[in-house]
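Enquirer: Provided herewith is a single structure, encoded as structure tokens, for subsequent inquiry.
The values are calculated or read from the model by the stated rules, or taken from the named source; none is laboratory data. Keep in mind the model is a prediction, meaning the values are calculated, not measured. Here the Cβ is made from the backbone with ideal geometry for all residues, glycine too, and neighbour counts use every protein chain on show. Remember, those area values only see protein heavy atoms, side chains included, never the ligands or the DNA or RNA. Shrake-Rupley method; radii C 1.70, N 1.55, O 1.52, S 1.80 Å.
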Amino acid sequence: MTIESPNVKGIWTTIEVDEEGIETVLVVETDLELNAAHPAFDAAKVDALIEAATKSFAASGGTFDRIHLVPITKPVVKKVRKAVKKVAKRVGPTKKAAKKAVKKAVKKAVKKAR
């Protein structure tokens with residue numbers, strides 16, 4: 001199954017079990033902000049994602065009971081990796097200096113990404 005949306009970064013199914021029974025859930029991983037109170041929240045993009053997932057859901061023949069949208073935090077990870085690579089190039093071959101510089105760069109990148 002595929003979902004036609006540029007904001008879908010991964011999909012999988014899971015089964016949830018509770019006292020009411022068993023449900024099959026389509027989990028959709030997205031790079032969109034899902035918190036409506038956040039400044040980066042874009043209602044039109046979230047609505048388009050929900051519509052695409054619902055269409056996919058219907059096309060699957062009803063094999064899923066629910067759709068669950070999950071935000072990912074990859075932009076922060078990318079920024080940290082980029083900072084680490086940049087520092088590793090500057091520092092040179094000594095292990096101790098590299099570790100110290102990378103630790104400092106990661107801390108700075110995480111703080112900046114927030």
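Enquirer: Can you go through Glu29, Glu16, Glu23 and tell me which one is open to solvent by less than 60 Å² (accessible area, probe 1.4 Å), among the charged types (D, E, K, R) and part of a strand (DSSP E or B)?
Expert: Glu29
Enquirer: Follow-up question, since we're still on this one. From the list Ala58, Ala98, Ala83, Ala48, exactly one residue is out of contact with any Leu (no Cβ under 6 Å at 6 or more places or on another chain) and modelled with pLDDT of 90 or more. Which is it?
Expert: Ala48
Enquirer: Hey, another quick one. Considering only region 61-70, how many residues are at pLDDT below 80 and either closer than 10 Å to Thr2 by Cα or open to solvent by 70 Å² or more (accessible area, probe 1.4 Å) (or both)?
Expert: 1
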